[in-house]
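Notes follow once the structure below has been shown.
Read-outs throughout are calculated quantities, based only on the coordinates presented, and are distinct from any laboratory measurement. Treat the numbers as computed from the prediction; the structure is a model and nothing was measured. Please note: Cβ atoms are built from the backbone with ideal geometry, for glycine as well, and neighbour counts cover all protein chains shown.
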Amino acid sequence: MNQLPLIFIVGPTACGKSEISFPLAIDGHAEIISCDALQVYREINIASDKPSASILAQVPHHLINMVSVTEEFNVAQYRKLALKAMDEIASRGKQVIIVGGSGMYMSILLDGIFEEMPVNEELKEQLDQELAQLGSAVLHERLKDLDPVAAARIHPNDPQRILRALSVVQSSGVPLSNLQPKRDGLWGKRPVVIIGLNRSREELYERVEARIDSMFTKGLVNEIKAISDLPLSQTAQKLIGIPEVLGYLRHEYDLERAKYLMKLNTRHYVKRQLTWFRRDKRLQWIELSQEKSTSQTLEMIKGMIRQ
């Protein structure tokens, strides 16, 4: 097995992950695996802030443009495709760099996933409706009663894992926590370096707002309009950028309101991302700033990799 360390570059939206990972990949002759919930969709380019054609031509990227917005995509599918990509990259003797802001995708790679149990579709639909009506915090309280061990491991703002744990225990009577020993992840099996990038909250929010303004300038409305008549999957419908722009296209509010909502929801997402990543004590954090150059950050990361 290729014993080059797996390098994770993670952090909240707009912190500068791509700005760091691209030169790092160039220097290390590495290939990048996306760890981003938006970039898997083919039709979404502006909203997902995918790497430019120039970057893609210089550094191979994986798990980008994998499925249509009409298809469901879950963490189990992501894990399967990501592990396959890792094996392919390793077979070429290349370094693997996993880059993105999805803490759930990162966790599923590091800590694994139990073998899928049969899903009770009727129960799943019922839980989805309850999630929409009651919110994840209420369902998390129910999970505390049915499977307190699993509830302690799952954040109240992690609806997918809450729903999965509830569906397992309510359909089978077997607590999800009883299945956890079957989880099979990369952590402990090969060298892993996890770098968390962050910025001051003020600077991060400024970058979020600038990025979203740029998205609208580049044609975000037309991008979402092109998919507005498609039967969007449940996972795609929830992606930031799609519901906000669809509301504008349906004349529910004006364009400025759509921009405001997208900025607001992205700021909330940034908070959830930071909460997730900060819970994981395996991360080594680097605070970025306008004063710290890319070359300085790269040297810090290379030092962490060599340790």
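List of remarks:
- Hypothetical label at Ala53: residues of the range 223-261 whose amide nitrogen lies under 17 Å (7 Å Cα-Cβ projection): none
- Equivalent ellipsoid semi-axes - Cα gyration tensor, the chain, angstrom: 29, 27, 19
- Nearby lysines by direct alpha-carbon distance to Lys225 (threshold 20 angstrom, same-chain neighbours under 8 apart not counted): Lys50, Lys238, Lys259, Lys263
- Distance between the pseudo-spin-label points of Lys238 and Glu256 (7 Å out from Cα toward the beta carbon): 3.2 nm.
- Between amide H atoms placed 1.01 Å from N, distances below 5 Å from Val192 occur with Leu6, all of them 5 or more places distant or on a separate chain.
- Helices in the chain, meaning DSSP H runs of at least 4 residues, each add -39500 (n - 2.57). Divided by all residues, the mean residue ellipticity at 222 nm is -16500 deg cm²/dmol.
- The charge dipole of the chain, taken about the Cα centre with unit charges on the Cβ atoms of Lys, Arg (+1) and Asp, Glu (-1), comes to about 920 debye, rounded to the nearest 20.
- The simple Förster model, with R0 at 41 Å and r as the Cβ-Cβ distance, assigns Asn178 and Met304 a FRET efficiency of 0.65.
- Cross-link partners of Lys271 among aspartates and glutamates, defined as those whose alpha carbon lies under 18 angstrom from its own and excluding same-chain residues fewer than eight positions apart: Asp36, Asp158, Glu202, Glu203, Glu206, Glu209, Asp280, Glu287.
- Computed over the range 121-182, the alpha-carbon pair-distance distribution with 10 angstrom bins reads 25, 59, 15, 0, each value a whole percent.
- The slack in the chain from Glu19 to Glu287, taken as 0.36 nm per residue of separation less the alpha-carbon distance, amounts to 95.1 nm.
- Amide N of the range 271-307 lying under 18 Å from the label point, which is placed 7 angstrom from the Cα of Ala152 along Cα→Cβ: 279-281
- Per residue, the convex hull spanned by the Cα atoms of the range 1-129 measures out at 130 cubic angstrom.
- 25 °C / 0.890 mPa s Stokes-Einstein diffusion coefficient of the range 64-168, Kirkwood radius on C-alpha pairs, µm²/s: 157
- Sites Val221 and Asp280 - FRET efficiency at Förster radius 41 Å, r taken between beta-carbons, to 0.05: 0.65
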